[in-house]
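Structure first, then comments.
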Amino acid sequence: MTHIPGIVITGASGRMGQMLIRTVTDSDQARLVGVVERTGHDWVGQDVGVAMGGAALGVTVTDDPLEAFAQAQAVIDFTAPEATLEFAALAAQARCVHVIGTTGMSDEQIAALEPASRHAVIVRAGNMSLGVNLLVQLTKKVAAALDEDFDIEVIEGHHHHKVDAPSGTALMLGEAAAEGRGVDLAEVSDRGRDGMTGARKRGDIGFHAIRGGDIVGEHDVLFAAPGERIVLRHLATDRAIFARGALKAALWGQGKAPGQYDMVDVLGL
Ligand code: NAD
């Protein structure tokens, strides 16, 4: 009989947490063995199925991540940067694959994942969907084929609860465009993280973030030159695409050598 990996979901009550719990419980390739919420959250101590308004799932929400991770082979984590850093150390201690969907991590926080990745597999991506990861590859190709007559603008939209801007996906797309063009994103996007500040320079890459209603995630990469425009677009209408990608990453990571990976590795793009 093949071994079915046990999965822990952190941030159980979150938008992605609940979607991940449904995705794992519906899968015949994985088992839900634990769910974690922050201390003081009213879900802690309850059966997670009941807390979600449905039937009992036989898994109690805990605020003790290490105890939960000790029962598991993978942790899927869509929470917040500080929490993700704590979970990385604990997941490494428990030798669990750590799938990180959390966005908005600073360069210092990303660098701080390094010690954990010496002991365990970390798969981290600002977007776990197949479509966006394909879009990243296409963006790199198109940027490499076009010269600097084409301005590159990344335009993204999300729901109004989203904390970070531009989105992790927009930054992935900007990095891909910069890589395709053979430039360093940090040097060509001084308007980047604060949106529309500063005047456009030749070769600059701009970011624009829209926040409103219940938009799940929309990304355009616009290449605009005098007389013509190319637009590459991805529209997410259902968070299930991120959850399915995250579960695929958790399964892919089983038995892999410790280190840091992304969805391009998982999807073989
Ligand atoms: P959310 O605010 O709905 O959920 C976050 C959850 O994490 C909350 O339930 C919160 O209580 C919990 N949490 C925070 N600190 C915790 C801690 N220390 N211990 C346990 N739980 C803790 O947010 P969301 O919309 O579900 O998004 C979560 C993250 O995932 C964000 O960073 C978002 O940008 C990212 N995201 C990534 C992708 C992707 O494909 N990579 C897709 C969608 C969202």
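The values are calculated or read from the model by the stated rules, or taken from the named source; none is laboratory data. Here the structure is a predicted model, which means the values were calculated and not measured. Positions of Cβ are generated from backbone atoms using ideal geometry, with glycine treated the same way; all protein chains shown enter the neighbour counts. Side chains included, ligands, DNA and RNA excluded: accessible areas come from the protein's heavy atoms. Shrake-Rupley method; radii C 1.70, N 1.55, O 1.52, S 1.80 Å.
Observations on the model:
- Applying the criterion of being outside any loop (DSSP other than H, G, I, E, B) and within 10 Å of the ligand (Cβ to nearest atom) to the residues of the range 134-171, the residue that is surrounded by the fewest Cβ atoms within 10 Å (Cβ to Cβ) is Gly168.
- Selection from the range 100-148 of residues that are without any contact (Cβ under 8 Å) to a residue 40 or more places away in the chain, closer than 22 Å to Ser167 by Cβ and not acidic (Asp, Glu): Ile100, Thr102, Met105, Ser106, Gln109, Ile110, Ala111, Ala112, Lys141
- Pairing each residue of the range 160-184 that is in contact (Cβ under 8 Å) with a residue 40 or more places away in the chain with any residue that is surrounded by fewer than 17 Cβ atoms within 10 Å (Cβ to Cβ) and in a helix (DSSP H, G or I), provided the two are 6+ apart or on different chains, yields C-beta distances under 6 Å for Gly180/Ala144.
- Conditions (1) more than 11 Å from the ligand (Cβ to nearest atom); (2) within 15 Å of the chain's Cα centre (by Cα); (3) open to solvent by 50 Å² or more (accessible area, probe 1.4 Å): number failed by Ala112: (2)
- Neighbours by Cβ (under 6 Å, 6+ apart or cross-chain): first from the range 40-52, of a type in the set (S, T, N, Q); second crowded, with 19+ Cβ neighbours inside 10 Å: Gln46/Val61
- Subset tally (residues that are within 13 Å of the ligand (Cβ to nearest atom), of a type in the set (A, V, I, L, M, F, W, C) and over 19 Å from Ala80 (Cα atoms)) for the range 115-133: 2
- With respect to the conditions (1) open to solvent by less than 80 Å² (accessible area, probe 1.4 Å); (2) closer than 24 Å to Gly180 by Cα; (3) among the charged types (D, E, K, R), Arg211 lacks only one, and its number is (2).
- Qualifying residue in the range 118-129 (condition: open to solvent by 20 Å² or more (accessible area, probe 1.4 Å) and modelled with pLDDT under 95): yes
- Members of the range 227-265 that are polar (S, T, N, Q) and either in a loop (DSSP other than H, G, I, E, B) or more than 16 Å from the ligand (Cβ to nearest atom) (or both): Thr237, Gln254
- The condition (being outside any loop (DSSP other than H, G, I, E, B) and modelled with pLDDT under 95) is satisfied by just one residue among Gly192, Gly174, Gly180: Gly174.
- Hits in the range 54-86 (condition: in contact with an Asp or Glu (Cβ under 8 Å, 6 or more places away or on another chain) and open to solvent by less than 20 Å² (accessible area, probe 1.4 Å)): Val59, Val61, Pro65, Thr84
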